[in-house]
Amino acid sequence: MKQPLEDLLRSTLKHLAGELFPKTALPSTPLLERSRDPAHGDFASHVALTLARPAGKNPRVLAAALIAALPKSELIAKVEIAGPGFINFFLSASAYHAELQRILQAGAAYGRNQLGEGRSAGVEFVSANPTGPLHVGHGRNAALGDCLGRLLQAAGWKVTREFYYNDTGVQIHNLAISVQARARGLAPGSKGWPEEGYRGDYIAEVARAYLAGESVSVEGHTVHGAKNPDDLDAIRTFAVAWLRREQDLDLQAFDVHFDVYFLESSLYTGGQVEATVCELVARGHTYEQDGALWLRTTEFGDDKDRVMRKSDGSYTYFVPDVAYHLSKWQRGYRKAITVLGSDHHGSLARVHAGLQALACGIPAGYPDYLLYQMVTVMRGGQEVKISKRAGDYVTLRELIDEVGRDATRYFLVARKGDSQLTFDIDLARSRSNENPVYYIQYAHARIASVFRQLAEKGLRWDARNGASHLARLSEKHEHALMVSLSRFPELVETAARNLEPHLIAQYLRELANDFHTYYDAHTFIVEDAALRDARLMLVAATRQVLQNGLALLGVSAPESM
RNA sequence: GCGCCUGUAGCUCAGUAGGAUAGAGCACCGGCCUUCUAAGCCGGCGGUCGCAGGUUCGACUCCUGCCAGGCGCGCCA
């Protein structure tokens with residue numbers, strides 16, 4: 001709804017450019033914004049204020065000239081100049097009526113846009129190493145990444161969800177020797193227990209299954225427990241598969257699914273790590289010092305140079321990181337997003353620098369990062385310390401079991417990533433009625449109930465009749481609701497562009513509020529068929545947008561509660 | 001010491017690429033169920049947008065400097 005008006009305004013301005021104001025002064029930023037105060041109309045433009053200085057004219061004079069040049073449009077009922085030179089647009093009722101019809105015609109597609117133009121986007125998230133169950137922080141990552149994927153799909157991107165993990169290396173070695181110790185009957189802390197071992201009870205479970213010769217199927221292959229506690233390779237393979245499967249079960253319970261599992265080890269076996277280093281050396285961005293090979297990342301905005309190959313000949317983790325992100329580009333992702341805990345933000349500059357040093361056409365900001373701050377968990381009024389090795393931490397599974405999938409997802413995406421999140425389990429559990437997700441779902445359930453009631457009364461909704469009597473929707477609550485509905489596509493666009501899923505959560509709460517207010521103020525199932533059908537049209541459109549919005553969050557839209 | 005992030009109502013947080021009188025929820029006080037689900041609605045209370053400068057017609061928003069908190073600064077991953 002905003003776009004046609006924006007286009008109209010911009011083309012009018014282009015027409016006036018050079019005559020009323022210098023051509024170069026035309027801003028590329030949006031010219032329109034939603035008015036906060038209904039007294040200011042539906043949309044407001046401050047373009048006259050912006051142009052006043054370069055034009056050397058009074059903004060109100062500019063505004064008047066702009067309005068005079070504006071072509072007639074069915075969308076616009078009235079245009080006013082206000083204050084120092086704001087232009088306020090009052091949309092016609094028919095503009096909103098047309099939008100209602102658009103919502104019902106588009107259905108699940110309402111709100112989508114073509115920002116991505118069908119290009120390929122890779123969203124990498126969770127990417128937890130298979131050394132233990134997923135915890136709350138992974139939950140935030142999973143919720144953000146999955147919603148982002150949904151948002152980008154809605155914005156016309158072809159999205160691939162990718163999970164990157166390491167199946168070798170130090171942490172995995174610790175995992176293997178921990179399972180081995182358990183298999184030999186050792187308990188954490190006892191004599192012979194490895195210093196860096198993982199102490200959680202789940203390790204004992206892995207050891208038990210290994211000794212019992214159980215089999216594990218994950219990512220399309222099956223691993224059998226070799227039973228032999230001395231075979232560390234077999235233990236490692238089994239443990240990795242076991243924990244990967246556990247994670248997959250958690251993620252499935254969270255309704256999060258991946259298209260690609262990418263193993264860090266494949267970058268070594270496939271030669272990409274070696275190739276990346278050779279390329280960087282060939283580009284002349286490296287030097288040797290103290291027996292190590294360094295990359296001059298400072299030439300590309302990093303604050304210090306980085307070691308790529310240690311003096312013992314092995315690579316630092318930073319090299320596969322670069323090779324991995326290079327592979328994203330090579331695999332066709334024109335947009336790549338890495339969802340990452342902000343405690344790892346130090347690696348951003350390095351990866352960006354490494355990719356730029358390769359000078360292979362990757363744009364400067366590639367990949368995008370969606371960083372999120374730590375989640376602190378409160379239980380019994382106390383913070384639950386997260387210590388993976390001690391095995392004492394809140395798992396994602398526990399949260400889902402206690403709070404429910406919908407509420408957990410909603411909570412974890414409802415806040416901006418860059419603010420810290422306190423997840424109070426007791427509150428979420430014992431006072432779940434106050435949870436905003438129920439408020440939104442309740443609006444949807446109420447609508448479903450309205451249509452059930454209608455059927456029970458032997459009535460049916462005549463959509464065509466409703467469509468021809470939309471002029472009957474003249475109450476202020478109806479107008480407010482129509483305004484909110486029409487904002488949805490703008491929200492999807494902004495949220496996708498800025499990688500901000502929380503905007504959708506925020507919006508849905510407001511939309512639900514508009515609906516509940518309307519519901520309490522007016523009865524929908526009235527005698528007057530014209531009014532009834534028109535109101536049900538608005539209600540049906542609300543249901544559709546609630547569904548579409550909840551779908552973006554991966555939260556269900558229940559028919560009853 | 002350096003870098004990134006944060007600081008908005010008693011608490012938890014929004015504030016959509018600088019716009020008009022800063023908004024929700026919770027908490028607290030007071031109203032609303034013989035009528036489509038009260039998991040709801042309405043009203044009230046509550047603010048020096050961390051502090052100080054600067055840019056601008058206009059700053060919660062941009063810049064600088066301070067203060068406070070979180071995270072990160074290894075030939076660890």
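Summary table
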read-out	value
Which listed residue is under 25 Å from A:LEU32 (Cβ atoms) and more than 9 Å from RNA strand B (Cβ to nearest atom), from A:ALA471, A:ALA480, A:ALA534	A:ALA480
Test: residue in region A:110-132 that is at pLDDT 95 or above and in a helix (DSSP H, G or I)	no
Some residue of region A:537-550 being of a type in the set (A, V, I, L, M), open to solvent by 40 Å² or more (accessible area, probe 1.4 Å) and either within 17 Å of A:GLN101 (Cβ to Cβ) or assigned to a helix (DSSP H, G or I) (or both)	no
Test result for A:SER266, within 16 Å of RNA strand B (Cβ to nearest atom) and open to solvent by 30 Å² or more (accessible area, probe 1.4 Å)	yes
Among (1) among the small types (Gly, Ala, Ser); (2) within 12 Å of RNA strand B (Cβ to nearest atom); (3) open to solvent by less than 70 Å² (accessible area, probe 1.4 Å); (4) farther than 16 Å from A:ALA353 by Cα, the one test that A:SER311 misses	(3)
Test for A:THR422: is it open to solvent by 20 Å² or more (accessible area, probe 1.4 Å) and closer than 27 Å to A:GLN247 by Cα	yes
Failed condition for A:SER215, given (1) open to solvent by 30 Å² or more (accessible area, probe 1.4 Å); (2) at pLDDT below 95	(2)
Leading residue by the ranking (farthest from RNA strand B (Cβ to nearest atom)) among those in region A:84-108 that are open to solvent by 50 Å² or more (accessible area, probe 1.4 Å) and not in a strand (DSSP E or B)	A:GLN105
Failed item in (1) within 24 Å of the chain's Cα centre (by Cα); (2) closer than 22 Å to A:ALA407 by Cα, with A:HIS516 passing the rest	(1)
Which numbered condition A:ILE447 fails, given (1) open to solvent by less than 10 Å² (accessible area, probe 1.4 Å); (2) of a type outside the set (Lys, Arg); (3) away from RNA strand B (no atom under 14 Å from the Cβ)	(3)
Selection within region A:56-68 - among the hydrophobic types (A, V, I, L, M, F, W, C), open to solvent by 20 Å² or more (accessible area, probe 1.4 Å) and in contact with a Leu (Cβ under 6 Å, 6 or more places away or on another chain)	A:ALA65
Residue in region A:226-240 that is nearest to A:TYR261 (Cα to Cα), counting only those that are without any contact (Cβ under 8 Å) to a residue 60 or more places away in the chain and open to solvent by less than 10 Å² (accessible area, probe 1.4 Å)	A:PHE238
Residues (in a helix (DSSP H, G or I), open to solvent by 30 Å² or more (accessible area, probe 1.4 Å) and closer than 24 Å to A:ALA323 by Cβ) located in region A:140-196	A:VAL170, A:GLN171, A:HIS173
Count of residues meeting criterion [in contact (Cβ under 8 Å) with a residue 40 or more places away in the chain and within 8 Å of RNA strand B (Cβ to nearest atom)] in region A:13-44	5
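The values are calculated or read from the model by the stated rules, or taken from the named source; none is laboratory data. These figures come from a predicted structure and were not determined experimentally. Methodologically, a virtual Cβ is constructed for each residue, glycine included, from the backbone with ideal geometry; neighbour enumeration extends over all protein chains shown. Calculation scope for accessible area: heavy atoms of the full protein, side chains included, ligands and nucleic acids excluded. Shrake-Rupley method; radii C 1.70, N 1.55, O 1.52, S 1.80 Å.
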